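Notes for the one structure printed next.
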Amino acid sequence: MRILYFGTYSRDYIRNRVIIKGLKKNNVEVIECHYPLWKGVEPRIQEFKGIKGLIKLAFNFLKSYIILFLKSFDIVEKPDFIIVGYTGHFDIPLAFIISRFFRRKLVFDMFVSLYDTFVLDRKLVKNFLLKRLLRFIDRWSMILSDKVLLDTDTHIEYLSKEFNIDKGKFIRVWIGEDPEIFYPIGIEKNKFNVLYFGGYIPLHGVEFIVDAARELKDIDFTFIGRGQLYNDILKYSKGLKNIKFIDWMDLKELKYYISSASVSLGIFGNTDKAKRVIPNKIYEAIACKTPVLTSDTPAIREVFKHRENIYLCKIADADSIKNGILELKNSKKLREKIAENSHRLFLEKFTPEKIGKELLIELKRL
């Protein structure tokens, strides 16, 4: 099988890395028609601000569309499918035209809704017209696609109802991670310690972790990353001696911090989106064989079991986080059981090869 992977996606982002590698692992020829316009979603949204931003945005889109369109003429043999990589909401119109030219199915790895992420969850977009535009882009990117990829069944259920899209159009594809990047290192964990890493976005609920740390002064916490609420969390945690803040680092270094942690923390924010997703960080932690403590949500329950391969606590509840940390601290046996079982689950379901195989089965049904 031959697949054209199309768009302005970031090659380094976990979602694209895993799917591309997973398809190749399953003997699929992956042809990339790619122009690296942005590294992620957030820079795209910032481009909308002001007249200068709109002019720059229009110029960048025009440039990327021209380059991608010209690159498409270099494709000698027709692909069997066209996949638009994450984040490809803005790439769909051109991809749709190319898919019709090749007379092939268009598959959109939506992964997230722009409207849900930036309007409802992060509340970064206030302008009414921009809100409507993001919703319009979300809906039409799904309408123009033959199939849409999302990360959980709970997420599919929500977007299907929210945007009135037939649920049969969606394919669930777990996020996963690459065991050649994240893997158990076997670092001796002499002192119990807790790790948070991430982008300080609302669904992470970092303030509840700080509240738990405030009550657990004899336990060391390490926070890695930067993001939307970083400065607020710095102020909120002022005076706490048991929290160490570290900036983002490359993935090779990050895996050492994950492997040396006694417990890795997931998400705890009281947002609707937090209940629908399984964040990247959970896959990365279980790939490193580190036990995870996170909120009990419908998405998590799709594949994880409390006290078997994960430890679950109440959402947006610092006391529940604190009690979970204490139970894990006091039971090495429970930590080891969760770590072992979660890593086994990772190898069974979440490697690129397994995810590529699952996606390939779904594509062959089209």
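Assorted remarks:
- Every listed requirement among (1) free of Cβ contacts under 8 Å to residues at least 60 places away in the same chain; (2) within 23 Å of ILE286 (Cα to Cα) is met by LEU203 save one, (1).
- Flag for ARG301 being in contact with a helix residue (DSSP H, G or I) (Cβ under 6 Å, 6 or more places away or on another chain), of a type in the set (D, E, K, R) and not assigned by TED's automatic domain parsing to the domain that holds PHE170: no
- Any pair with Cβ under 8 angstrom, 6 or more apart, that starts in the stretch 266-288 at a residue that is over 17 Å from LEU120 (Cα atoms) and at pLDDT 95 or above and ends at one that is among the hydroxyl-bearing types (Ser, Thr, Tyr) and part of a loop (DSSP other than H, G, I, E, B): ILE278/THR152; ALA287/TYR183; CYS288/TYR183
- If you filter the stretch 222-252 down to residues that are among the hydrophobic types (A, V, I, L, M, F, W, C) and out of contact with any Ser or Thr (no Cβ under 9 Å at 6 or more places or on another chain), you find that the one that is farthest from ILE14 (Cα to Cα) is LEU240.
- Any chance ILE171 is outside the structural domain of ARG344 (by TED's automatic domain parsing) and either surrounded by 19 or more Cβ atoms within 10 Å (Cβ to Cβ) or in a strand (DSSP E or B) (or both): yes
- Meets criteria (at positive phi, modelled with pLDDT of 95 or more and either touching a Pro at 6+ places or on another chain (Cβ under 8 Å) or not assigned by TED's automatic domain parsing to the domain that holds LEU265 (or both)) for GLY176: yes
- Residues that are touching a helix residue (DSSP H, G or I) at 6+ places or on another chain (Cβ under 6 Å) and not aliphatic (A, V, I, L, M) were ranked within the stretch 244-274; the one that is nearest to LEU334 (Cα to Cα) is SER264.
- Flag: LEU359 matches the condition of being at pLDDT 95 or above, more than 17 Å from LEU265 (Cβ to Cβ) and not assigned by TED's automatic domain parsing to the domain that holds VAL263.
- Criterion: touching a strand residue (DSSP E or B) at 6+ places or on another chain (Cβ under 9 Å) and either modelled with pLDDT of 95 or more or on the phi < 0 side of the Ramachandran plot (or both) - qualifying residue of ILE165, ILE137, ILE143: ILE165
- Strands (runs of 3 or more DSSP E) fully within the stretch 242-327 counting 2 or more residues that are of a type in the set (S, T, N, Q) and buried (at least 21 other Cβ atoms within 10 Å of the Cβ): 292-295
- Residue, surrounded by the most Cβ atoms within 10 Å (Cβ to Cβ), within the stretch 190-218, restricted to residues that are in a strand (DSSP E or B) and aromatic (Phe, Trp, Tyr): TYR196
So that you can scan it fast, the table gives a plain yes or no per residue for (1) buried (at least 18 other Cβ atoms within 10 Å of the Cβ); (2) within 25 Å of the chain's Cα centre (by Cα); (3) among the aromatic types (Phe, Trp, Tyr); (4) at pLDDT 90 or above:
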{"site": "GLU32", "(1), (2), (3), (4)": "no, yes, no, yes"}
{"site": "ARG44", "(1), (2), (3), (4)": "yes, yes, no, no"}
{"site": "ILE51", "(1), (2), (3), (4)": "no, no, no, no"}
{"site": "LEU54", "(1), (2), (3), (4)": "no, no, no, no"}
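The values are calculated or read from the model by the stated rules, or taken from the named source; none is laboratory data. The model shown is predicted, which means the values in this text are computed figures rather than measured ones. Cβ sites come from the backbone with ideal geometry, for glycine too, and all protein chains shown count toward neighbours.
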